[in-house]
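Written below as structure tokens is the structure these notes are about.
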Amino acid sequence: DQQVKQNSPSLSVQEGRISILNCDYTNSMFDYFLWYKKYPAEGPTFLISISSIKDKNEDGRFTVFLNKSAKHLSLHIVPSQPGDSAVYFCAASASGTYKYIFGTGTRLKVLA
Amino acid sequence: EAQVTQNPRYLITVTGKKLTVTCSQNMNHEYMSWYRQDPGLGLRQIYYSMNVEVTDKGDVPEGYKVSRKEKRNFPLILESPSPNQTSLYFCASKRDFTDTQYFGPGTRLTVL
């Protein structure tokens with residue numbers, strides 16, 4: 001039972017264009033969502049997060065959007081750069097728990 | 001330098017031979033956690049610890065043990081490894097009541 005789903009295993013985008021990575025969840029108890037980026041042979045690194053009391057959070061080139069009614073979140077990267085090429089994981093947690101449920105990841109390739 | 005370290009980074013072993021993967025953090029973080037990453041399954045949480053002597057199961061705890069006797073260390077113990085535990089393992093830590101988990105570089109384990 002995959003509670004957090006990233007349905008696109010891979011995505012290719014031209015440098016300078018927008019990258020949109022999607023994530024769906026099924027558990028309505030989740031109220032905190034995070035995105036991590038992972039390069040080969042390294043551990044994941046935190047990118048950006050959003051609480052369910054918000055529908056948008058921005059940090060530089062990265063923006064996360066949350067649609068609670070659709071149980072959907074997306075990560076926008078604008079403009080995309082070759083250094084953004086990595087695997088992106090979304091993760092979810094519920095208040096009062098210390099559990100994190102990760103998606104299966106989307107491999108982003110930004111073409112120069 | 002603030003970091004999470006794991007040892008060993010690579011390990012090949014045989015079925016049934018007990019092993020321990022160590023994890024240490026130098027950030028005085030209360031929370032530590034173990035994950036495994038498998039193709040098509042993303043990151044799955046094995047165990048987590050909210051503080052010294054406080055641990056709980058994640059999503060896939062079967063076949064693993066942990067202990068948290070000191071704040072900085074959180075070893076993962078496989079008492080009788082089996083081939084289905086062949087995976088890439090990550091340790092992570094964070095301050096309590098914050099979001100950002102810091103991940104170690106990973107331990108690639110192969111059980112023959």
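Test of understanding: extend the Cα→C-beta vector of A:Ser52 to 7 Å, then name every residue of region A:1-37 with backbone N under 11 Å from that spot.
A:26-33
I need the shape label for region A:39-112. Rule: rounded when a/c is under 1.5, else prolate if a/b > b/c, else oblate, with a, b, c from the alpha carbon gyration tensor. Don't jump to the answer; show the numbers that get you there.
Values: a/c = 2.19, a/b = 1.40, b/c = 1.56.
The shape class here is oblate.
Put simply, what bits of region B:79-112 lose 50 Å² or more of accessible area when the other protein chains are there, versus the chain on its own (1.4 Å probe)?
SASA drop of 50 Å² or more in region B:79-112: B:Asp99, B:Gln101, B:Phe103.
Project the alpha carbons of the protein assembly as shown onto their principal axes and report the range along each, largest first, in whole Å.
50, 38, 37
For labels at B:Tyr10 and A:Gln2 in the simple 7 Å Cα→Cβ model, what's the distance in nm?
Going from the B:Tyr10 label point to the A:Gln2 one covers 3.0 nm.
Using θ = phi - 60° and the Karplus relation 6.51 cos²θ - 1.76 cosθ + 1.60, list the HN-Hα couplings for region B:14-21 in order, rounded to whole Hz, with x at every Gly or Pro.
Couplings: 10, 3, x, 8, 3, 9, 10, 9 Hz.
Between A:Leu111 and A:His76, how many nm apart are label points set 7 Å from Cα along the C-beta direction?
2.3
With the contact rule set at Cα under 8 Å and sequence spacing of 6 or more, what percent relative contact order holds for chain A?
Numbers: 273 pairs, mean separation 41.7, N = 112.
Across chain A, relative contact order equals 37 percent.
Tell me, what is the per residue accessible area of chain A in Å², probe radius 1.4 Å? Intermediate results must be reported in sequence, preceding the final value.
Working: 5430 Å² over 112 residues.
That works out to 48 Å² for each residue.
Under 15 Å from the Cβ of B:Ser80, count the other residues' Cβ atoms, weight Lys and Arg +1, Asp and Glu -1, and hand me the total. Write out the running numbers ahead of the final one.
On the way: positive: B:Lys17, B:Lys18, B:Lys65; negative: B:Glu62, B:Glu79.
Here the charged neighbours net out to +1.
Counting only protein heavy atoms and a 1.4 Å probe, tell me what percentage of region B:19-83's accessible area is made up of carbon and sulfur.
On the way: 1340 of 2750 Å².
Summing carbon and sulfur atoms, their accessible area is 49 percent of the total for region B:19-83.
If you average the sequence gap of Cα pairs under 8 Å that are 6 or more apart and divide by the length of chain B, what percent do you get for the contact order? Each step should come with its number before you reach the end.
On the way: 295 pairs, mean separation 40.3, N = 112.
Reported relative contact order: 36 percent.
Report the net charge of residues surrounding B:Gly58, where surrounding means a beta-carbon distance below 15 angstrom and charges are Lys +1, Arg +1, Asp -1, Glu -1. List each step's numbers first, then the result.
On the way: positive: A:Lys99, B:Arg36, B:Arg44, B:Lys57, B:Lys65, B:Arg68, B:Lys94; negative: A:Asp1, B:Asp38, B:Asp56, B:Asp59, B:Glu62.
Charge balance in the 15 Å sphere: +2.
Of all trypsin sites (Lys or Arg not before Pro) in region B:1-41, which ones are in loop regions per DSSP and have a Cβ with at most 16 other Cβ atoms within 10 Å?
Numbers: sites: B:Arg9, B:Lys17, B:Lys18, B:Arg36; in loops: B:Arg9, B:Lys17, B:Lys18.
Those that pass, being in a loop and sparsely packed, are B:Arg9, B:Lys17, B:Lys18.
Below 13 angstrom from the Cβ of A:Asp24, what's the summed charge of the other residues (Lys, Arg +1; Asp, Glu -1)?
Values: positive: A:Lys5, A:Lys68, A:Lys71; negative: none.
For residues surrounding A:Asp24, the net value is +3.
The values are calculated or read from the model by the stated rules, or taken from the named source; none is laboratory data. Keep in mind that this is a model prediction, so the values were computed, not measured. Cβ coordinates were reconstructed from backbone atoms using ideal geometry, including for glycine residues, and neighbour counts include every protein chain displayed. Ligands, DNA and RNA are stripped out before the accessible areas are found, and what is left, the full protein with its side chains, is counted by its heavy atoms. Shrake-Rupley method; radii C 1.70, N 1.55, O 1.52, S 1.80 Å.
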